[in-house]
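**Student:** Dropping a structure here in structure tokens format, bear with me for questions.
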Amino acid sequence: MYSQNVDFTIMSTPRSTLELHRQRFHQEGAAHAAPARVNLIGEHTDYTGGFVMPMSIGFHTTAIISQGPGGRIFLQSENYNEGKSFSTDPTTWKATHQWSDYPMGVLWALHEAGIDVPPFAMTLSGDVPLGAGLSSSASIEVATAMALLAHAGTGLPLEKLAILCRRAENAYVGAKSGIMDQFIVAGGVAGRSMMLDTRALSFEFLPIPDEARIVICNSMVKHQVATGEYGSRRDEVEAAQAALHAANPKIELLRDATLADLDAAKSKMPEAEFRRARHIITENARVLDAREALLKGDLPRFGEIMRAAHISFRDDFQASCKEVDDLVDIANRQPGCFGARITGGGFGGCTVNLVQTAAADDFVNALRAGYKQRTGIDADCFITEPTDGALALAQQAAAQMQGTQKGALQ
Ligand code: ADP
Ligand code: MG
């Protein structure tokens, strides 16, 4: 069956993980959490200065932190049921192509930024589907960063936090992700999507009307950003950007280019790069149109833009797959569905669907049945709403703590 999101309360959800941490490390831990995200529109635009429109959603990674049992670093993953220990000497920290690269990458990025974290033990656990395009990677990075910063007795504002976590993923893990994931996972706000200008790092929160739900559907086809074709698409986009810049130095980032600029430079790049760039240029325009539609509360228009975005991703970016195309096709035929498209890096993962609230349950049932019939796969579907990001969750936890302390004093 599909699951509906349950509100995350920082004091209650990680209780069992806190208990596991206590049993394993004989220390009382402090809980820090970061959500997952879904991108409504603006795919692969976030590393060439473009626009994106993600929202944070009610799946979370929790990082429990305390002093360690000895002068070393201890990491425990509940998801992988595995523990690892590392020296505190940064010169020994090297990527090993395992889950621990994500938290160690954040520790390394903090060290590089001049923030040294005292030895610690950390237990990580999460309900974010891994490698499904909902950014479990940014979720574990930001949860880890929140925990390590608190353990070091400091904090970082949104922009610095997002840049630091992206650095961990790019330079330590070795995955070429843009800034969107870390930004929304850290800075999301309940009830709102975020339109982010990834060059200026300026952003605006946009309302998601109550008459619509965002339904996420996992095709169950796995992608892996660190090793997959995401990187090769990114290379093609960057090559097209370089060709456009060479043709016209005023075009610094693909974000600056128009379709006319691209047509003028067509002979300067292979067909594949031309198509990748055409997707990015039209996608940036679609994000701006989607913003207008949301501000007007025009959900049918938003849905139309989503459908066009999927076609561009499938045909120009060529980063969809048969199963995901099936999911989108079935979704677009359902009553109450304004529009559907692939979300995330591509080559599998999830679709995002804008659906009338009253039709959402029937939509999920019909979509699952249709997908099962066509592919034999049971898809996981989630009816979601935008939730708070890690910084808002931390603020709430601090306020809750203050309230508890005040209550104890009275
Ligand atoms: P996505 O971000 O779409 O989920 P990625 O390939 O970018 O996919 O990141 C998935 C990887 O992040 C996992 O393979 C794992 O290494 C790491 N990861 C995410 N969440 C956790 C977790 N709770 N515990 C351990 N590792 C995690
Ligand atoms: Mg990721």
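The values are calculated or read from the model by the stated rules, or taken from the named source; none is laboratory data. Note that the structure is predicted; figures quoted are calculated from it, not measured. Cβ: placed from backbone, ideal geometry, glycine included. Neighbour counts: every protein chain shown. In case anyone asks, the SASA skips ligands and DNA or RNA and just uses the protein heavy atoms, side chains included. Shrake-Rupley method; radii C 1.70, N 1.55, O 1.52, S 1.80 Å.
**Student:** Where in the range 142-251 are there strands (runs of 3 or more DSSP E), lying fully within it, with 2 or more residues that are within 19 Å of residue 345 (Cβ to Cβ)? Show your work before the answer.
**Tutor:** On the way: elements: 192-197, 202-207, 212-218.
Output list reads 192-197, 212-218.
**Student:** Looking only at the range 310-330, count every residue that is among the polar types (S, T, N, Q) and in a loop (DSSP other than H, G, I, E, B) and tell me the total.
**Tutor:** Residues flagged as among the polar types (S, T, N, Q) and in a loop (DSSP other than H, G, I, E, B) within the range 310-330 amount to 2.
**Student:** Examine the range 110-120 for a residue that is within 16 Å of ligand 1 (Cβ to nearest atom) and at pLDDT 95 or above, and state whether such a residue exists.
**Tutor:** Of the residues in the range 110-120, the ones within 16 Å of ligand 1 (Cβ to nearest atom) are none.
Among the residues of the range 110-120, not one is within 16 Å of ligand 1 (Cβ to nearest atom) and at pLDDT 95 or above, which makes the answer no.
So that you can scan it fast, the table gives a plain yes or no per residue for (1) over 30 Å from residue 30 (Cβ atoms); (2) among the polar types (S, T, N, Q); (3) out of contact with any Leu (no Cβ under 8 Å at 6 or more places or on another chain):
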residue: 336; (1), (2), (3): yes, no, yes
residue: 361; (1), (2), (3): yes, no, yes
residue: 365; (1), (2), (3): yes, yes, yes
residue: 372; (1), (2), (3): yes, no, yes
residue: 382; (1), (2), (3): no, no, yes
residue: 385; (1), (2), (3): no, no, yes
residue: 389; (1), (2), (3): no, no, yes
residue: 400; (1), (2), (3): no, yes, yes
residue: 403; (1), (2), (3): no, no, yes
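**Student:** So, residue 256, is that one charged (D, E, K, R), surrounded by fewer than 21 Cβ atoms within 10 Å (Cβ to Cβ) and free of Cβ contacts under 8 Å to residues at least 60 places away in the same chain or not? I'd like the intermediate steps shown before the answer.
**Tutor:** Details: charged (D, E, K, R): yes; surrounded by fewer than 21 Cβ atoms within 10 Å (Cβ to Cβ): yes; free of Cβ contacts under 8 Å to residues at least 60 places away in the same chain: no.
For residue 256, the condition - charged (D, E, K, R), surrounded by fewer than 21 Cβ atoms within 10 Å (Cβ to Cβ) and free of Cβ contacts under 8 Å to residues at least 60 places away in the same chain - is not met.
**Student:** Let me ask something else. Among the residues of the range 227-235, is there at least one that is open to solvent by less than 30 Å² (accessible area, probe 1.4 Å), in the same structural domain as residue 35 (by TED's automatic domain parsing) and either more than 13 Å from ligand 2 (Cβ to nearest atom) or in contact with a strand residue (DSSP E or B) (Cβ under 6 Å, 6 or more places away or on another chain) (or both)?
**Tutor:** No, because not a single residue in the range 227-235 is open to solvent by less than 30 Å² (accessible area, probe 1.4 Å), in the same structural domain as residue 35 (by TED's automatic domain parsing) and either more than 13 Å from ligand 2 (Cβ to nearest atom) or in contact with a strand residue (DSSP E or B) (Cβ under 6 Å, 6 or more places away or on another chain) (or both).
**Student:** Take the residues in the range 128-154 that are surrounded by fewer than 22 Cβ atoms within 10 Å (Cβ to Cβ) and touching a residue at least 24 places away in the same chain (Cβ under 8 Å); name whichever of them is farthest from residue 396 (Cα to Cα). Outline the logic, then answer.
**Tutor:** Kept after step one, since they are surrounded by fewer than 22 Cβ atoms within 10 Å (Cβ to Cβ), are these residues of the range 128-154: 129-131, 149-154.
Still in the running and touching a residue at least 24 places away in the same chain (Cβ under 8 Å): 129-131, 149-152, 154.
Working: 129: 25, 130: 26, 131: 29, 149: 17, 150: 15, 151: 18, 152: 20, 154: 17 Å.
Looking at the filtered set, the residue picked out is 131.
**Student:** Working carefully through the options 176, 160, find the one that is surrounded by fewer than 24 Cβ atoms within 10 Å (Cβ to Cβ) and either more than 25 Å from residue 321 (Cβ to Cβ) or not assigned by TED's automatic domain parsing to the domain that holds residue 57 (or both). Before you say what the answer is, go through the steps one by one.
**Tutor:** Numbers: 176 fails: either more than 25 Å from residue 321 (Cβ to Cβ) or not assigned by TED's automatic domain parsing to the domain that holds residue 57 (or both).
It is 160.
**Student:** Then there is this: Among residues belonging to the range 89-127 that are part of a loop (DSSP other than H, G, I, E, B) and open to solvent by less than 10 Å² (accessible area, probe 1.4 Å), point out the one that is farthest from ligand 2 (Cβ to nearest atom). Steps first, answer last, please.
**Tutor:** Pass one, the range 89-127, residues part of a loop (DSSP other than H, G, I, E, B): 89, 93-100, 113-120, 127.
Narrowing further to those that are open to solvent by less than 10 Å² (accessible area, probe 1.4 Å): 100, 120.
On the way: 100: 16, 120: 24 Å.
This residue is 120.
**Student:** I've got another one for you. When you go through (1) surrounded by fewer than 24 Cβ atoms within 10 Å (Cβ to Cβ); (2) more than 6 Å from ligand 1 (Cβ to nearest atom) one by one for residue 169, which number turns out not to apply?
**Tutor:** Among (1) surrounded by fewer than 24 Cβ atoms within 10 Å (Cβ to Cβ); (2) more than 6 Å from ligand 1 (Cβ to nearest atom), residue 169 violates only (1).
**Student:** Looking at (1) within 30 Å of residue 266 (Cβ to Cβ); (2) within 16 Å of ligand 2 (Cβ to nearest atom), which one does residue 173 not meet, given that it meets all the others?
**Tutor:** For residue 173, the exception is condition (1).
**Student:** Taking the conditions exactly as written (touching a Gly at 6+ places or on another chain (Cβ under 7 Å) and buried (at least 18 other Cβ atoms within 10 Å of the Cβ)), does residue 215 satisfy them or not? Can you show your working first?
**Tutor:** Values: touching a Gly at 6+ places or on another chain (Cβ under 7 Å): no; buried (at least 18 other Cβ atoms within 10 Å of the Cβ): yes.
No: the conditions fail for residue 215.
Rundown of residues vs (1) touching a residue at least 24 places away in the same chain (Cβ under 8 Å); (2) away from ligand 2 (no atom under 16 Å from the Cβ), yes/no style:
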position: 311; (1), (2): no, yes
position: 318; (1), (2): yes, yes
position: 328; (1), (2): no, yes
position: 332; (1), (2): yes, yes
position: 336; (1), (2): yes, yes
position: 339; (1), (2): yes, yes
position: 344; (1), (2): yes, no
position: 349; (1), (2): yes, no
position: 354; (1), (2): yes, yes
